[in-house]
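Q: Let me begin by handing over the structure; questions about it come next.
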Amino acid sequence: MRKITLYLALLLSACGSSEVDDASNIIKQTLKMPQSFKLKASNVLWKGQLAGQQNTFIVKIRYTALNGLNEAIDECKYVSFYTENSSKHWQENGGLENCIEAGEQEEENALIMLKKLNSFK
């Protein structure tokens with residue numbers, strides 16, 4: 001039984017993170033050509049809860065896609081969102097922000113700013 005549980009845990013972890021999938025889908029909603037989205041790298045940077053017990057997330061997504069002119073873009077975004085009743089919610093202002101590439105301390109400062117901007121605790 002332990003082997004089956006371990007196997008299932010490994011299999012599920014290989015399938016990817018639902019938070020990453022959710023963050024990727026949010027980005028796709030903003031693209032002119034969402035079908036061109038290709039995930040390059042991802043990292044769930046933070047998890048928390050709102051006062052109403054909704055789960056909150058900040059996910060870093062690196063991706064490529066095509067813009068409206070059919071030109072390739074290579075971007076990195078912080079995606080901030082919360083879940084409620086199996087729905088994902090994010091706001092236009094603060095839900096998607098460009099990544100900071102300056103270093104670990106600067107990324108920590110960006111997380112603090114994103115949590116405040118999105119009213120995450």
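The values are calculated or read from the model by the stated rules, or taken from the named source; none is laboratory data. All of these numbers come straight from a predicted model, not from anything done at the bench. Cβ: placed from backbone, ideal geometry, glycine included. Neighbour counts: every protein chain shown. Accessible surface is based on the protein model in full, side chains and every heavy atom, while ligands, DNA and RNA are left aside. Shrake-Rupley method; radii C 1.70, N 1.55, O 1.52, S 1.80 Å.
Q: Checking Leu111 against (1) in contact with a Leu (Cβ under 9 Å, 6 or more places away or on another chain); (2) in contact (Cβ under 8 Å) with a residue 40 or more places away in the chain; (3) open to solvent by 60 Å² or more (accessible area, probe 1.4 Å), only one condition comes out false. Which one?
A: For Leu111, the exception is condition (3).
Q: Among (1) surrounded by 12 or more Cβ atoms within 10 Å (Cβ to Cβ); (2) at pLDDT 95 or above; (3) under 21 Å from Leu111 (Cα atoms), which single condition is Ala41 missing?
A: That leaves (1) as the condition not met.
Q: A further question follows. If you go through segment 50-65, how many residues are among the polar types (S, T, N, Q), open to solvent by less than 80 Å² (accessible area, probe 1.4 Å) and over 14 Å from the mean Cα position of the chain (by Cα)? Working first, answer last.
A: Taking segment 50-65 first, the residues among the polar types (S, T, N, Q) are 53-56, 64.
Cutting the leftovers down to open to solvent by less than 80 Å² (accessible area, probe 1.4 Å) gives us 54-56, 64.
Next cut, over 14 Å from the mean Cα position of the chain (by Cα) only: 54, 64.
Summing the residues that are among the polar types (S, T, N, Q), open to solvent by less than 80 Å² (accessible area, probe 1.4 Å) and over 14 Å from the mean Cα position of the chain (by Cα) in segment 50-65 gives 2.
Q: Any chance segment 96-108 includes a residue that's of a type in the set (S, T, N, Q) and in contact (Cβ under 8 Å) with a residue 12 or more places away in the chain? Explain how you work it out, then say what you get.
A: Here is the first cut: in segment 96-108, the residues of a type in the set (S, T, N, Q) are 98, 105.
Going one step further and asking which of them are in contact (Cβ under 8 Å) with a residue 12 or more places away in the chain, we end up with 98.
So far as segment 96-108 goes, yes, one or more of its residues are of a type in the set (S, T, N, Q) and in contact (Cβ under 8 Å) with a residue 12 or more places away in the chain.
Q: So, in segment 66-108, of the ones that are polar (S, T, N, Q) and closer than 20 Å to Leu39 by Cα, which residue ends up surrounded by the most Cβ atoms within 10 Å (Cβ to Cβ)?
A: Step by step, filter segment 66-108, then rank; the result is Ser80.
Q: Still on this structure, I have one more. Taking segment 76-98, which residues are under 22 Å from Ala41 (Cβ atoms) and touching a Phe, Trp or Tyr at 6+ places or on another chain (Cβ under 6 Å)?
A: Phe81, Lys88, Trp90, Glu97
Q: Across segment 29-38, what is the number of residues that are in contact (Cβ under 8 Å) with a residue 12 or more places away in the chain and open to solvent by 40 Å² or more (accessible area, probe 1.4 Å)?
A: Selection size over segment 29-38: 5.
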